[in-house]
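Participant: The structure follows.
The values are calculated or read from the model by the stated rules, or taken from the named source; none is laboratory data. Since we're looking at a predicted model, the values are computed, not measured. Every residue, glycine as well, gets a Cβ built from its backbone with ideal geometry; the counts of neighbours run over all protein chains shown.
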Amino acid sequence: MSKGCMRLSFNFRATARGVGYLFVLVLATQLLVFGCATTSGGNPTPEAGTSPDELPDWYLDPKGTYPDETYLTSVGSGDNRRAAEQEALAGLSQIFEARISVDSRARQRYQELMTSEGNVSESEVQLISTTRVESNQELLNVQFGEAAVDDSGIVHTIAYLERLPTAQIYRGLIDKNSAQVRSYLDEAERSGSILRQYAYLSAASLVAENNELLLDQLRIISPGMTQVVRRGYDPQAVNSLRAEIAQEITVGIAVSGDEDGRVASLLREAISEEFFPVSDDAPLLSVSGSVVTSPAEAGEGFESVRWNLALELAGPDDRSLVTYEGSDRASGVSQSAARSFAFEDIEEAVREEFVGSLRNYFDRLVVGN
């Protein structure tokens, strides 16, 4: 049976006209390329009278049409073509043992680092984050085959990965990531500044982490191909070296107006996630700033608090490295509730904006070199 789309001669009706499409977003246009298009409106017209004997081969026996040694497959169903594809994609992802959940900021950092070196194109990097499904698994080179509608109007389709060409795509990206990690490690060793050294080790750790996610998937797609992958570095050793250097980068914290120490506590916790110890004893880096909260005008039945937060990170020579200024208003049924919500906003500002800017500072040391 052909794996392209076809019009079925029985009471299932094909909804596609081309071969299954490669689910890749082109970075410049973000265009989904559909090789198999649905009928008008995205919902194929159901036909009545389908019996079990009339079901298509790929639905009754997916591995018979798409042999397991060549393909990974999953059949999905839904009210329309898109829903059926998403269910098929989610089912396909569940074949994989690793669960990938990388936050958007880390993904953006990875993309900027890799494309800035010129060894990996933006479209190649984008492959890693295009096929997102509910299970948090991200897959490369997913394609869809025929689609059909049963007599109750439910759409069925099949998602598949062709093992060999998909494995080759993974292998290529893994090799490029590995080369980049080794390059960052070499640069870290040559760095005269401890901040620059940490920047390269942080970048190496980020790329190495992404590489391990790709390797986890490759082990499912083609176990044999993983045997010939040579990273040229030990991922655990990379993380350990990053943490070791980070311990030498002490950070002091002083925030005026922080009467109960909540902002300082937020900063201490967030900075420790970067492995930097907090100390007031001749710190290498220092965070200073202020926080102000005050009652604000609110609507009937609510109380509001206006908050203002200003933070600055200075280097060993007291030169400003990172700054953040933000303000907003939080409301609640009481002043206490409003203040609680205000500090939730402040916590998000510290973690997402200020610490994010700190990471960007180190990334710029790498990208701008």
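Participant: Where the second residue is part of a helix (DSSP H, G or I) and among the polar types (S, T, N, Q) and the first is closer than 30 Å to residue 164 by Cβ and lies in the range 194-219, which pairs have Cβ atoms under 6 Å and are six or more apart or on separate chains?
Facilitator: 207/177; 207/180; 211/177; 218/226; 219/226
Participant: For the range 220-238, enumerate the residues that are free of Cβ contacts under 8 Å to residues at least 12 places away in the same chain and closer than 22 Å to residue 203 by Cα.
Facilitator: 234, 236, 237
Participant: Out of all the residues in the range 348-367, is one or more at pLDDT below 95, over 30 Å from residue 192 (Cβ atoms), of a type in the set (S, T, N, Q) and not assigned by TED's automatic domain parsing to the domain that holds residue 205?
Facilitator: no
Participant: Taking only pairs six or more apart or across chains, which ones have beta-carbon atoms under 8 Å, a first residue in the range 269-285 that is on the phi > 0 side of the Ramachandran plot, and a second residue that is at pLDDT 90 or above?
Facilitator: Close Cβ pairs satisfying both conditions: 275/242; 275/243; 275/246; 275/247; 282/250.
Participant: Take the residues in the range 79-111 that are in contact with a Ser or Thr (Cβ under 9 Å, 6 or more places away or on another chain), at pLDDT 75 or above and not in a helix (DSSP H, G or I); name whichever of them is farthest from residue 161 (Cα to Cα).
Facilitator: Taking the candidates together, the pick is 80.
Participant: Please go through the range 225-235 and pick out each residue that is exposed (fewer than 10 other Cβ atoms within 10 Å of the Cβ) and not aliphatic (A, V, I, L, M).
Facilitator: Of the residues in the range 225-235, the ones exposed (fewer than 10 other Cβ atoms within 10 Å of the Cβ) are 227-228, 230.
Listed by number, the residues that qualify are 227, 230.
Participant: Take residue 164 and decide whether it is hydrophobic (A, V, I, L, M, F, W, C), modelled with pLDDT under 95, out of contact with any Phe, Trp or Tyr (no Cβ under 7 Å at 6 or more places or on another chain) and in a helix (DSSP H, G or I). Quick ask: steps written out before the conclusion?
Facilitator: Working: hydrophobic (A, V, I, L, M, F, W, C): yes; modelled with pLDDT under 95: yes; out of contact with any Phe, Trp or Tyr (no Cβ under 7 Å at 6 or more places or on another chain): yes; in a helix (DSSP H, G or I): yes.
When the stated conditions are applied, residue 164 passes them.
Participant: In contact with a helix residue (DSSP H, G or I) (Cβ under 6 Å, 6 or more places away or on another chain) and either closer than 21 Å to residue 264 by Cβ or without any contact (Cβ under 8 Å) to a residue 60 or more places away in the chain (or both): is that true of residue 332 in this structure? Walk me through it before giving the result.
Facilitator: On the way: in contact with a helix residue (DSSP H, G or I) (Cβ under 6 Å, 6 or more places away or on another chain): yes; either closer than 21 Å to residue 264 by Cβ or without any contact (Cβ under 8 Å) to a residue 60 or more places away in the chain (or both): yes.
Judged against the criteria, residue 332 is a match.
Participant: Among the residues of the range 329-369, write down those that are within 21 Å of the chain's Cα centre (by Cα) and assigned to a strand (DSSP E or B).
Facilitator: Residues satisfying the conditions do not exist here.
Participant: Another question, if that's okay. Could you say which residue among 241, 266 is in contact (Cβ under 8 Å) with a residue 12 or more places away in the chain and in contact with a Lys or Arg (Cβ under 8 Å, 6 or more places away or on another chain)? Quick ask: steps written out before the conclusion?
Facilitator: On the way: 241 fails: in contact with a Lys or Arg (Cβ under 8 Å, 6 or more places away or on another chain).
Selected residue: 266, the only one of 241, 266 that is in contact (Cβ under 8 Å) with a residue 12 or more places away in the chain and in contact with a Lys or Arg (Cβ under 8 Å, 6 or more places away or on another chain).
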